[in-house]
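Read through the structure below, which is laid out as structure tokens, and then see the notes.
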Amino acid sequence: MSLSRKFFEHVRRPLRDWFQERRLRRAVAAGLPLKIVLGGTAPAPDWLGSDIGFFDATRPESWAALLGEAGEVDRLLAEHVFEHIPPDLVPAVLQNAFRYLKPGGTIRIAVPDGHNPDPDYIRHVEPGGIGPGADDHKQLFTIESLSEALAAAGFRVEPGEWFDASGQFHETAWDEACGHVHRCRRHGTPDKSFPSSHLSLLVDGIKP
């Protein structure tokens, strides 16, 4: 392990975790709107990060330890997180998300798009692919598989950006208030490594 990595793991990460947990607990105690990023740090001042050492989104007790009562979260955002979750654990994460969201609350998920017609894109993002982090990718979602997983957890599904099975791109007028996504048609910039690197499958799940 490099010196910089050791410094991050033993100094910077514990401090970051402590700060994120403190912000979250204060927001819960104060009854503030809870807009939480799953598996990441906050993209804006009114969002809260949950990339905290003890928090495991697959375990109901982790959610309870961090957030207390179910049905209190307004928004959840997971940008390029779900492709790292083993397929058999995805239902547990979505069930926990459904339980802790308020009625009308949303979970916005952005993941690599398995229907992207660019073979180079698929080579980069598929499990074991050649792109950064792809060695840890567990599955490649499509609009059908992600929508099915969300619906099975009880969510109403609203796609925002996606390719269909024929490789045709679609986009709807998705609301920025439900979470800013960097890697998408609206905001992304193509990486030099492959032209469509900025595109994602972007889908919202709404709790009825």
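Give the number of residues within the range 50-93 that are aliphatic (A, V, I, L, M) and within 14 Å of V37 (Cα to Cα).
Taking the range 50-93 and keeping what is aliphatic (A, V, I, L, M), we get 52, 57, 64-67, 70, 73, 76-78, 81, 85, 89-90, 92-93.
Pick out the ones that are also within 14 Å of V37 (Cα to Cα) and you get 52, 57, 66-67, 73, 76-78, 81, 93.
Residues flagged as aliphatic (A, V, I, L, M) and within 14 Å of V37 (Cα to Cα) within the range 50-93 amount to 10.
The set of residues in the range 70-112 being surrounded by fewer than 16 Cβ atoms within 10 Å (Cβ to Cβ), touching a residue at least 40 places away in the same chain (Cβ under 8 Å) and either hydrophobic (A, V, I, L, M, F, W, C) or part of a strand (DSSP E or B) (or both) consists of K102, P103, G104. Looking only at residues of the range 127-148 that are assigned to a helix (DSSP H, G or I) and among the polar types (S, T, N, Q), we find that the one that is most open to solvent (accessible area, probe 1.4 Å) is S145. D46 fulfils the conditions (1) in contact (Cβ under 8 Å) with a residue 12 or more places away in the chain; (2) farther than 12 Å from G179 by Cβ except for a single criterion, (2).
Taking into account only those residues within the range 149-208 that are in a helix (DSSP H, G or I) and closer than 21 Å to N96 by Cβ, which is most open to solvent (accessible area, probe 1.4 Å)? Show your work before the answer.
Taking the range 149-208 as the starting set, the residues that turn out to be in a helix (DSSP H, G or I) are 149-152, 176-178.
After this cut, where a residue has to be closer than 21 Å to N96 by Cβ as well, the list is 149-152, 178.
Values: A149: 28, L150: 0, A151: 55, A152: 89, C178: 13 Å².
Checking each candidate, the answer is A152.
The values are calculated or read from the model by the stated rules, or taken from the named source; none is laboratory data. Computed from a prediction, not measured in an experiment: that's the story for all the values here. Don't worry about glycine lacking a Cβ; one is built from the backbone with ideal geometry, like all the others, and counts go over all protein chains shown. Surface accessibility is based on the protein's heavy atoms, side chains included, excluding ligands, DNA and RNA. Shrake-Rupley method; radii C 1.70, N 1.55, O 1.52, S 1.80 Å.
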